[in-house]
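Note sheet for the following structure.
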Amino acid sequence: MKHSLFSLLFSVFLTFTSTISYADWLDDGDMFYFQTSLYTVHFEPKDEHNNNQKLINLEFQKNTNWLAGLAFFRNSFGQPSQYGYAGYSWTIPATNQLLYTKLTAGLMHGYDGEYKDKIPLNENGVAPAIVPSLGIKYRSIHSELTLFGAAGAMLTLGYSFTISNH
């Protein structure tokens, strides 16, 4: 079920992006961003912690720096989880657009069973989340250091596709 849901969403996303040149709501400088996890560290490691999140993140960012995305990953306890979010990205001045910060907020799903109380406000398997990141970008390659609460941090690598209407 989880793999078929991902396959369906990914197929819809690919179909959607294949019509980019015909979409009126896309502007020059808008960006589609794909990201995966490279390394995870827990600040207070436990034997039960999973440090291989297998993150697949799909994000859309307007040229105004507003963004929205959907992440699929294994949580700290190995459970399949999702994070749907919206947020904003700020370029750090005097870095020639090399460094940026990002703040997202949304809903996280997947902390179930004996681990349901490991994230605050988890009601019926869904909890609000706020995720800050510090990123570096060189051309279309990005890497981000993302904090997940007070529990740990994840290093990611991604690739962006910038929209050009000319």
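Every number here is computed from the coordinates shown, using simple stated rules; none is lab data. Keep in mind that what you see is a predicted model, and the values were worked out from it rather than measured. A quick note on method: Cβ atoms are made from the backbone with ideal geometry, for glycine too, and the neighbour counts reach across all protein chains shown.
Structure notes:
- If the condition is being of a type outside the set (Ser, Thr, Tyr) and surrounded by 16 or more Cβ atoms within 10 Å (Cβ to Cβ), then the stretch 133-148 contributes Gly135, Lys137, His142, Glu144, Phe148.
- Any chance Lys62 is free of Cβ contacts under 8 Å to residues at least 40 places away in the same chain, basic (Lys, Arg) and surrounded by 15 or more Cβ atoms within 10 Å (Cβ to Cβ): yes
- Scan of the stretch 107-131 for residues that are on the phi > 0 side of the Ramachandran plot and surrounded by 12 or more Cβ atoms within 10 Å (Cβ to Cβ), ordered by number: Gly110, Gly125
- Selection within the stretch 95-132: residues that are touching a residue at least 40 places away in the same chain (Cβ under 8 Å) and assigned to a strand (DSSP E or B). The member of this set that is farthest from Lys46 (Cα to Cα) is Lys102.
- Selected residue (only one of Gln82, Gln35, Gln61 is more than 17 Å from Ser140 (Cβ to Cβ), polar (S, T, N, Q) and within 19 Å of the chain's Cα centre (by Cα)): Gln82
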